[in-house]
1. If I filter region 76-94 for residues that are over 30 Å from LEU161 (Cβ atoms) and either without any contact (Cβ under 8 Å) to a residue 40 or more places away in the chain or surrounded by 11 or more Cβ atoms within 10 Å (Cβ to Cβ) (or both), do I get at least one hit?
2. Could you please find all residues in region 139-158 being β-branched (Val, Ile, Thr) and outside any strand (DSSP E or B)?
3. Would it be correct to say that THR69 is farther than 30 Å from PHE140 by Cβ and modelled with pLDDT under 90?
4. Tell me which residues, restricted to region 119-136, are in contact with a strand residue (DSSP E or B) (Cβ under 6 Å, 6 or more places away or on another chain), hydrophobic (A, V, I, L, M, F, W, C) and surrounded by 18 or more Cβ atoms within 10 Å (Cβ to Cβ).
5. Scan (1) in a helix (DSSP H, G or I); (2) within 23 Å of the chain's Cα centre (by Cα); (3) hydrophobic (A, V, I, L, M, F, W, C); (4) at pLDDT 90 or above for the single condition ILE106 breaks and write down its number.
Amino acid sequence: MMNNKQKNILLLLGFVVLLFTCYQLAINKTIAEKQKFKELSKQVLLFKKAPKQLSLLKQKEAHYDSILTKYQLDGSSIQNNLLKVINSFSDANNLKVVNFLEPHTITQNDLTIKTYEFVVEGYYNDINQLIYQLEQKTKFGEIINLHFEKKKNFRTDRYYLQARVFVRSFG
């Protein structure tokens, strides 16, 4: 026969085993399901906000597209866009693009600085209008140097004006 002390120990041990079994079979699964419910509730909330966020993103896209159109930028590189603007302005204003060099690139403190150099030939006022166009109407960068030079064509014995332009762009 078992005495009271052994019965109490056996009862206590049985109670601990019963608690462990209940935790494994019921409580543990309930806690896991509650966590899944919280995650799914968050996802439902995100899906409810999705149309509003999509609308905001479409508005931002339209705004950025208008900025790119305003400053005459499209999907290609800044160098291509700069050359396109210079060529179209030159065609319309009797300027001649004599030289357009590859950009000089410098990287300082994780910032890339590109300097574009080109030479145009034509009348002073037309060259100034091109520079104004590049500085004020486009966002290719800043004009850091503009050097005018009067040259002579010895074959025709005529003078002409050339301007060497440096445009610095960050990005």
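1. yes
2. Hit for region 139-158 is THR156, nothing else.
3. So THR69 does not fit the description; no.
4. Within region 119-136, VAL120, ILE127 meet the criteria.
5. Exception for ILE106: condition (1).
The values are calculated or read from the model by the stated rules, or taken from the named source; none is laboratory data. Just so we're clear, the structure is a prediction, and the values are computed from it rather than from any experiment. Cβ sites come from the backbone with ideal geometry, for glycine too, and all protein chains shown count toward neighbours.
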